[in-house]
1. For a quick check: sort L168, L11 by the number of other beta carbons within 10 angstrom, fewest at the front.
2. Using 5 Å bins from zero, what percent of all Cα-Cα pairs in the range 1-95 falls into each bin?
3. I'd like the Karplus ³J(HN,Hα) series for the range 46-53: coefficients 6.51, -1.76, 1.60, θ = phi - 60°, whole numbers in Hz, and an x wherever there's a Gly or Pro.
4. Among R158, R151, R18, what is the fewest-to-most ranking by other Cβ atoms within 10 Å?
5. May I ask you to evaluate 6.51 cos²θ - 1.76 cosθ + 1.60, the Karplus curve with θ = phi - 60°, for each residue of the range 95-103 and list the ³J(HN,Hα) values in order in whole Hz, giving x for glycine and proline?
6. Could you put L83, L13, L25 in order, starting from the residue whose Cβ has the fewest other Cβ atoms within 10 Å?
7. May I ask for the net charge around G172, where only other residues with Cβ less than 12 Å from the Cβ of G172 are counted and Lys, Arg are +1 while Asp, Glu are -1?
Amino acid sequence: MVEFVERFFKLTLDNVYRFVCSALLLAAGFGAGNGLKPLQQLGRALDWLAIPSEWTTPVGEWIAQRGFFVACVGVGGLMVAALFVTTGPLSRAGASVLLSVVIIGESGYAQWLWVVLGIVAAGLVILAGWAIRDVLMRHGELSWEVQNVGRYVGAAARGLLLSVFYVLSPLGWALSQEYTDQRGSARNPLHVKAVEEHMPSGVRFTPGTPPR
């Protein structure tokens, strides 16, 4: 948990990717409630924020013309990301799962998403039944396989939850800055610390500068 908090408060490319995927999923959710596709809802949000949104229309038209291909890419990405989401709660796989869901929703083949989620749900039910059977047959003693299944399912759920939570990461970036946002501050995530080293001869130099 401490590692998550430390990463959450830093402005990095990984965090920007997680934030974008989480924001797109949020737009897709609101769009589904309003009968709009994710990019259409995103365009509305950008207009409300007075941010240029003209680019969403041609991108949406391009995806609409290639809906089947885009849906295949989204399903493939969802399956691959789902395999890696158990590797750790701070990996990019959770955000990739969210992005794949948005891509499928934008492609116009949202029914595919329900099929994939149905398969995943059925698999979890089968695993749960197998685990219950294992417990009953062993009289409360969990086998190594059942323990690993529970650990992987928990890691996947935790990774997806933290990926959705990254929609609030700009707040963390703002709180991690100094009041003046000076580059010399160690609390600034963009701060580059100059490391001084010593050559074998004892002469001190800073990396990136020619030794004297």
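Readers should treat all values here as calculations from the given coordinates under stated rules, not as data from a laboratory. Predicted model only: the values in this text are computed from it and were never measured. Because the Cβ atoms are built from the backbone with ideal geometry, glycine has one as well, and the counts that use them run over all protein chains shown.
1. In order of increasing Cβ crowding within 10 Å: L168, L11.
2. Reading upward from the zero bin: 2, 12, 14, 22, 19, 15, 11, 4, 1, 0.
3. With coefficients 6.51, -1.76 and 1.60, one gets 5, 4, 5, 8, 6, 10, x, 10 Hz.
4. Lowest to highest Cβ neighbour count: R151, R158, R18.
5. Result, ordered by residue: 5, 5, 4, 4, 5, 5, 4, 5, 4 Hz.
6. L13, L83, L25
7. +2
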